[in-house]
Amino acid sequence: MKLKNGPLVALIIVLSVFAPISTDMYLSALPDMMVHFSTNESVMNMTLYGFLLSLTVSSLFIGPISDKYGRRPVLIVSMFLYTIMSVLCAFTDDIIVMIVLRIVQAIGGGGAMVVSIALIKDCFEPSRIGSIMTVVTAIGVIGPVLAPIIGTALTELSDWRSTFIAPAVISAICLVTASIMDETLDDGMRYTGSVIGSVRGLSEPLKDHDFFRFLIISTIFNLPFLGYIGVSSYIYQTMFGVSDVTYSIMLAVTILTAICIMLVIRRIQARMVSSSSMMLFLAIAISGCILLFSVASMNEYLFLISVLPVAVLVTTIRPFGFDILMAQHEGDNGSVSSLLNFCTFGFGVIGMAVCSLRWDSFITGIAVMMLIATSVFAVSWYVMKRSPSRLKGLEDI
């Protein structure tokens, strides 16, 4: 059955948020889970970092496989795997088993996210891809804000197990939808070689140096952003002493403000095609570095203002960048989607790990990640400006 545009966009949006519903929804239940499993914070956190690492690595291979076998079978297997692993997570009493289940669960989550990006390119005209990516990005950024709130409510109504049962139900609905939908990958676009050859195809887009540089430009600010998401509760609640409710409000204000600014920029410029656009993003990045290193630690309000540039850059550059990158290589949408997700979550995992180190303040960790991201962005842009080749959809940047 061919899904209409509305249900198809809804499916893409749900698939794109499997990472936050898998990582952030159960965060508020971690203290109860530590008691249940009779373990400590370090071991319990392995259920989070193991998931993210598995999600990142698996995303790299699932896209090329979907280029060979199609989106529908890959999505069916991914959702089946995710559903079963989620249910088993809810009922295990062994922390080692829980960690292993989370690692396997992440493979299903990676499949969902990779296929969601590939579906956009498969099913929509180039003129609509940018607007759909804007919606997906906005929801994807709101996800880390809403997921902990929903998780807290579920834990209050039931217990920690409900934070795994709820994603299992969502996954089961996606599984049913995938089972009845038509294949979106045309036979003429399907990779006809071996599975190994399909995976090796990941190297093809990377041989385009401008593609690689723009891939880095489009994802590098996940380094400080996901680092901020990972330690924000410690900063707001422990360092500044705000309540759980106030923390949720301030997190939501940051993200929603960033989305509003992103929509304004998208309205002004349909695509990121000029040097002025890149100058704007670099100026925002530099302002974020200055604020994080100077005034962010003074109080919670100045910290909110200081991390706003980070959130603005992530929400704005991602749809611009993904729109352009997905237009470069015909016939390997899955591979390109894998690279996009791998870099997005790869930088995110690094950012979360580094920001969690024993800095004099967690804010320092975010500031360092922001400085590194800004430097990489500036160098990549400078090299692209001097490059004789150009990506489709870009003017002189």
Q: Please identify the helices of the chain, taking whole runs of DSSP H, that span at least 20 Å along their own axis as judged from the Cα atoms and have a mean Kyte-Doolittle score of -0.5 or higher.
A: 46-69, 71-91, 95-123, 126-157, 162-180, 244-268, 275-294, 300-325, 333-355, 362-386
Q. Between the range 202-260 and the range 144-186, how many Å separate their Cα centres?
A. 22 Å
Q. Rounded if a/c is under 1.5, else prolate if a/b beats b/c, else oblate: with a ≥ b ≥ c from the C-alpha gyration tensor eigenvalues square-rooted, which is the range 199-299?
A. prolate
Q) Hey, in the GNM for the chain with a 10 angstrom Cα cutoff, which one of V354, V336, V295 fluctuates hardest? A) V295
Q | Prolate/oblate/rounded label for the range 61-206 (Cα gyration tensor, a/c 1.5) | A | prolate
Q: Mind checking which of M278, V35, I117 is farthest towards the positive end of the chain's charge dipole, using Cβ charges of +1 (Lys, Arg) and -1 (Asp, Glu) about the Cα centre?
A: M278
Q: Pull up the cross-link candidates among the aspartates and glutamates for K207, meaning alpha carbon to alpha carbon under 16 Å and not fewer than 8 places away within one chain.
A: E330, D332
Q | Helical contribution to [θ] at 222 nm, DSSP H n ≥ 4, -39,500 (n - 2.57), averaged over the chain, rounded to 500 | A | -26000 deg cm²/dmol
Q. Ordering E183, E125, E300 from largest to smallest accessible area (1.4 angstrom probe), what's the sequence?
A. E125, E183, E300
(Q) Using Cα springs under 10 Å in a Gaussian network model of the chain, which residue among G108, G334, G151 shows the largest mean-square fluctuation? (A) G151
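The values are calculated or read from the model by the stated rules, or taken from the named source; none is laboratory data. Since the model is a prediction, treat every value here as computed from it, not as a measurement. Note that we place each Cβ from the backbone using ideal geometry, even for glycine, and neighbour counts take in every protein chain shown. Note: areas computed on protein heavy atoms with side chains; ligands, DNA, RNA excluded. Shrake-Rupley method; radii C 1.70, N 1.55, O 1.52, S 1.80 Å.
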